1. Which condition number does Val69 fail, the rest of (1) without any contact (Cβ under 8 Å) to a residue 24 or more places away in the chain; (2) of a type in the set (A, V, I, L, M); (3) in contact with a helix residue (DSSP H, G or I) (Cβ under 7 Å, 6 or more places away or on another chain) being met?
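Bear in mind that the values in this text are calculations on the coordinates, not laboratory data. Note that the structure is a prediction, hence the values are computed from the model and not measured. Cβ placement follows ideal geometry from the backbone for every residue including glycine, while neighbour counts extend to all protein chains displayed.
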Amino acid sequence: MAAAPEPEEAGRGKTFRLLGILDVENIPCARESILYGSLGSVVAGLGHFLFTSRVRRSCDVGVGGFILVTLGCWFHCRYNYAKQRIQERTAREGIKNKILYESTHLDPEKKQSNSTTKQP
């Protein structure tokens with residue numbers, strides 16, 4: 001019998017690509033957008049079919065629902081992802097400046113504490 005690959009080796013194999021172009025595993029927000037789009041497709045198509053009993057039109061509505069929900073989730077998630085990265089960069093720069101200027105004459109906290117102690 002062949003030895004089973006370890007979990008670390010199995011994870012490093014092929015990644016899942018949607019239509020051969022979209023690497024769902026490594027692109028942020030891709031997996032969630034595709035999953036929500038699929039759910040939106042089923043809900044829209046099935047809901048339209050239950051109301052109208054028209055199969056072809058329901059399939060068209062399902063495809064439209066997939067596109068709209070996928071794009072909506074994609075843009076919402078990417079916006080939040082970009083906003084979070086900006087906040088992280090700002091916090092990282094603040095921490096770097098805090099470490100760099102701590103206990104020097106350029107330290108903003110030292111200036112604030114000196115100005116409050118000099119006032120009578």
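1. (1)
This table checks each residue for (1) closer than 30 Å to Asn26 by Cα; (2) out of contact with any Gly (no Cβ under 9 Å at 6 or more places or on another chain); (3) crowded, with 18+ Cβ neighbours inside 10 Å.
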| residue | (1), (2), (3) |
| --- | --- |
| Gly40 | yes, no, yes |
| Gly45 | yes, no, yes |
| Phe51 | no, yes, no |
| Arg56 | no, yes, no |
| Leu71 | yes, no, no |
| Tyr79 | yes, yes, no |
| Ile86 | yes, yes, no |
